[in-house]
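These notes are about the structure you will find just below.
The values are calculated or read from the model by the stated rules, or taken from the named source; none is laboratory data. Since we're looking at a predicted model, the values are computed, not measured. Here Cβ is always computed from backbone atoms with ideal geometry, including for glycine, and neighbour counts include all displayed protein chains. Just so you know, the surface numbers come from the protein's heavy atoms only, side chains and all, with ligands and any DNA or RNA stripped out. Shrake-Rupley method; radii C 1.70, N 1.55, O 1.52, S 1.80 Å.
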Amino acid sequence: MRRREFLSILGGTAVWPVASKAQQAERVRRVGILTILGPDDPEGQARTKVFEQTLQQLGWTVGRDLKIETRQIGADLDSLRRYAAELVALAPDVIFSVGSVTVASLKQATRTIPIVFMNVTDPVGAGIVESMAHPGGNITGFSNFEYSMCGKWAELLKQIAPNVNRALVFRDPTSAAGIGQFAAARSVAQSLGVELTPADVRDTDEIERAVATFARSGNGGVIVTTGGTAAHRKLFISLAARHKLPSVYPYRYYAVDGALISYGPNTHDPARRAAGYVDRILKGEKPADMPVQAPTKYELIVNLKTAKALGLTVPQSLLATADEVIE
């Protein structure tokens, strides 16, 4: 056999294993999503869409090399632990967790599956991560509020409704974030002559009773904090309208649904950034080495239609600083 023919045969056998490997099916990675908002919630759908679109831009294709398993809780908080356990049992490569209560349940369910969260207030104080710069363990993500920003809710309530001298504050009493947000708002409210009363967020009946009792006295308003409140937002908005209570809320989508005013971080940007973290974890990075990041922008939204229904005249100074005015 001549030398050229021998080398040709060797070359053919050398490339054959590579060709066989290329013909093998791509490995399908699995991502779990646990979100506090229900399956019919437009805001929840929008976040998931942003998350999936970003993963697609990063080179992943759902149905080809990526499978997504979603569990959406809504107002049924009793299902939270069950859904968290279901996702963990599926052994996904990473879980995307939306909300403080969801990541707390996932932390109890697994210490090994990587978790990327968004919309968590004070993840260090809540015991979710060891520190913002070095989260440690299997969890990292994107926080939503610094406590100092929560005082802005009291300022906005007084600014848009100067006659208010008392406010009902809905918060999660079981979390460090719920307690911390109330304390931050109260420290500012006291200087404005506004007395704050905490109200627990547990179920619909309790929320309705709290608002009805509070509204019997005049000059009242409402502040809704984060942490387990989003699933009840339409109830908060309808009760505020029924009892003519000026109210301040933490996110833009509240104002879109008819709330008077909202102040808080953009909720779609962290979903996009979380997809970037998920991509990096799927490619081999560890959550322990990925710092928890804070919001990059806060938004002020004013709903003039709701202000008119409440008989309020929104100060021009407030309108001038608003990022968006809904008419």
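Ranked highest first by average number of other Cβ atoms within 10 Å, how do 203-209, 139-145, 88-94, 300-306 line up?
In descending order of packing, they fall as 139-145, 300-306, 88-94, 203-209.
Give me the accessible area per residue for the stretch 172-229, probe 1.4 Å, as a whole number in Å².
44 Å²
With contacts defined as alpha carbon pairs under 8 Å and 6 or more residues apart, what's the relative contact order of the chain in percent?
18 percent
So how much accessible area does Met132 have, in Å² to the nearest 10, using a 1.4 Å probe?
70 Å²
Could you work out the relative contact order of the stretch 205-286? I mean the mean sequence separation of Cα pairs under 8 Å and 6+ apart, divided by the number of residues, in percent.
This gives 22 percent for the stretch 205-286.
Over 14 Å apart: what share of the alpha carbon pairs of the stretch 233-279 falls there, rounded to a whole percent?
54 percent
Stick to the Cα atoms of the stretch 163-308, pair each with every other, and give me the Kirkwood hydrodynamic radius in Å at one decimal.
Result for the stretch 163-308 stands at 16.7 Å.
Would you mind telling me which residue in Ser148, Ser317, Ser262 has the biggest mean-square fluctuation in a Gaussian network model of the chain, where springs connect alpha carbons within a distance under 10 angstrom?
Ser317
Pick the calculated P(r) over Cα pairs in 20 Å bins from 0, in percent for this structure from [x] 30, 48, 14, 5, 2, 0; [y] 31, 54, 14, 0; [z] 37, 61, 3?
Label [x] holds the value from this structure.
List the trypsin sites (Lys or Arg not before Pro) within the stretch 69-131 that fall in a DSSP loop (any state other than H, G, I, E or B) and whose Cβ has at most 11 other Cβ atoms within 10 Å.
Arg111
Modelling each spin label as a point 7 Å along the Cα-to-Cβ direction, I'd like the Ala133/Asp269 distance in nm, to one decimal.
Once both label points are built, they end up 2.3 nm from each other.
Quick one: compute the contact order of the stretch 82-162, relative version, from alpha carbon pairs under 8 angstrom and 6+ residues apart, as a percent.
In percent, rounded to a whole number, it is 25.
Quick one: what does P(r) look like for the stretch 97-183 with 10 Å bins over all Cα pairs, in whole %?
Taking every Cα pair in the stretch 97-183, the percentages come to 16, 43, 24, 12, 4, 0.
Count the net charge of all other residues whose Cβ sits under 15 Å from the Cβ of Glu208, scoring Lys and Arg as +1 and Asp and Glu as -1.
Result for the neighbourhood of Glu208: +2.
What residues qualify as long-range amide H neighbours of Val124, i.e. H under 5 Å apart, gap of 5 or more or another chain, H built at 1.01 Å from N?
Val129
Under a 10 Å cutoff between Cα atoms, tell me which one of Pro246, Pro295, Pro315 has the largest fluctuation in the Gaussian network model of the chain.
Pro315
Give me a comma-separated list of calculated 3J(HN,Hα) values for the stretch 310-316, in order, Karplus coefficients 6.51, -1.76, 1.60 applied at θ = phi - 60°, integers in Hz, x for any Gly or Pro.
In residue order, the calculated couplings are 8, x, 9, 9, 6, x, 4 Hz.
FRET efficiency for Thr321 and Asp76, Cβ-Cβ distance as r, R0 = 30 Å, nearest 0.05?
FRET efficiency, Thr321 to Asp76: 0.20.
Just to verify a number: FRET efficiency for Glu146 and Arg216, C-beta to C-beta distance, R0 = 51 Å, to 0.05?
With R0 = 51 Å, the Cβ-Cβ based efficiency is 0.90.
Considering the chain as a Gaussian network with a 10 Å cut-off on Cα pairs, which listed residue, Gln190, Gln72, Gln316, attains the greatest mean-square fluctuation?
Maximum among the listed residues: Gln316.
5 Å is the cut-off here: which amide hydrogens, built 1.01 Å from N in the peptide plane, fall below it relative to Leu37, excluding neighbours closer than 5 in sequence?
Residues meeting the amide H criterion: Ile73, Gly74.
Out of the total accessible area of the chain (probe 1.4 Å, heavy atoms of protein only), what percent is carbon and sulfur?
Carbon with sulfur: 51 percent of the solvent-accessible area.
Take the residue pairs Lys152/Lys297; Lys49/Lys305; Lys67/Lys234 and return only those whose Cα atoms are more than 24 Å apart.
With Cα atoms farther than 24 Å apart: Lys49/Lys305; Lys67/Lys234.
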